[in-house]
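The values are calculated or read from the model by the stated rules, or taken from the named source; none is laboratory data. Just so it is clear, the structure is predicted and the values come from calculations on it, not from any experiment. Please note: Cβ atoms are built from the backbone with ideal geometry, for glycine as well, and neighbour counts cover all protein chains shown.
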Amino acid sequence: MTDHSNEPPPVLLCARVVEYAVLTSSVRYSGHSFLFFGDKEVGPVPRLAICQKLDETTFTLFHCDDEWEVLGIAANDASIAEAKARAERIYPGVSECWVDPQVTEADAASYIEQEFADDRCRFCGRLPPDFEKLVVHERGGSICNSCIDELYAFIHEDPESSSRPPEGSG
């Protein structure tokens, strides 16, 4: 029987988990993660995950706690092999710990939709990791700060440059 207690969810920060590692006693910490939170370096962590956003081709190495909360991110590796090599430099011996959770893109998309359905911007479709704030109306409408910024810019642009006569007025 397989122990699933150490498995991450299929998605971390809206990115599909491609591979993960639960660090064992055979894995050493190099002493440097090269990841900083504020001006403090993120130290050793118990779990790693290589993830990929559904609309991107690059891979991200997530440094996680025991509950799979992301503590640090090393992004933009061109391949899983590059992300694994990065992890191996930080955690020598981790190469023996990687597990493929068999999460398909469809699985990840379904999970994201289920988890964030109520937190999506109704104008652009962005999810929480892709915006800073979401304004939610009591009747269920919502709009993210990016859409608000675009709307503000549109409203305040020069009227001469964007005005057209109404349809059928000419």
Please enumerate the residues belonging to segment 59-105 that are closer than 13 Å to Phe34 by Cβ and surrounded by fewer than 14 Cβ atoms within 10 Å (Cβ to Cβ).
-> Arg89
Is it true that Ala117 is within 27 Å of Cys147 (Cβ to Cβ), of a type in the set (A, V, I, L, M) and without any contact (Cβ under 8 Å) to a residue 40 or more places away in the chain?
-> yes
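Taking the conditions exactly as written (crowded, with 20+ Cβ neighbours inside 10 Å and in contact with a His (Cβ under 8 Å, 6 or more places away or on another chain)), does Val17 satisfy them or not?
Answer is no for this residue.
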Does Arg47 count as touching a Phe, Trp or Tyr at 6+ places or on another chain (Cβ under 8 Å) and closer than 21 Å to Pro10 by Cα?
-> yes
Which residues, counting only those in segment 72-119, are of a type in the set (Lys, Arg) and in contact with a Lys or Arg (Cβ under 7 Å, 6 or more places away or on another chain)?
-> none
Restricting attention to segment 31-76, which residues are within 16 Å of Glu19 (Cβ to Cβ), in contact with a Ser or Thr (Cβ under 7 Å, 6 or more places away or on another chain) and free of Cβ contacts under 8 Å to residues at least 24 places away in the same chain?
-> Ala75
Quick one: in segment 116-156, of everything that is farther than 18 Å from Cys14 by Cα and touching a Leu at 6+ places or on another chain (Cβ under 8 Å), which residue is surrounded by the most Cβ atoms within 10 Å (Cβ to Cβ)?
-> Ile143
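What do you reckon, is Ser33 assigned to a loop (DSSP other than H, G, I, E, B) and modelled with pLDDT under 90? Break it down stepwise before answering.
On the way: assigned to a loop (DSSP other than H, G, I, E, B): yes; modelled with pLDDT under 90: yes.
Yes.
Where in segment 52-160 are there strands (runs of 3 or more DSSP E), lying wholly inside it, with at least 1 residues that are outside the structural domain of Glu41 (by TED's automatic domain parsing) and more than 30 Å from Tyr29 (Cα to Cα)? First the steps, then the outcome.
Details: elements: 59-64, 70-77, 134-136, 142-144.
Strands (runs of 3 or more DSSP E) meeting the threshold: 134-136, 142-144.
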Can you tell me how many residues in segment 36-51 are aliphatic (A, V, I, L, M) and either exposed (fewer than 13 other Cβ atoms within 10 Å of the Cβ) or assigned to a strand (DSSP E or B) (or both)?
-> 3
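Would you check if there is a residue in segment 100-120 being touching a Gly at 6+ places or on another chain (Cβ under 9 Å) and at pLDDT below 95?
In the first step, residues of segment 100-120 are kept if they are touching a Gly at 6+ places or on another chain (Cβ under 9 Å); the result is 118.
Then drop every residue that is not at pLDDT below 95, which leaves 118.
Yes, some residue in segment 100-120 is touching a Gly at 6+ places or on another chain (Cβ under 9 Å) and at pLDDT below 95.
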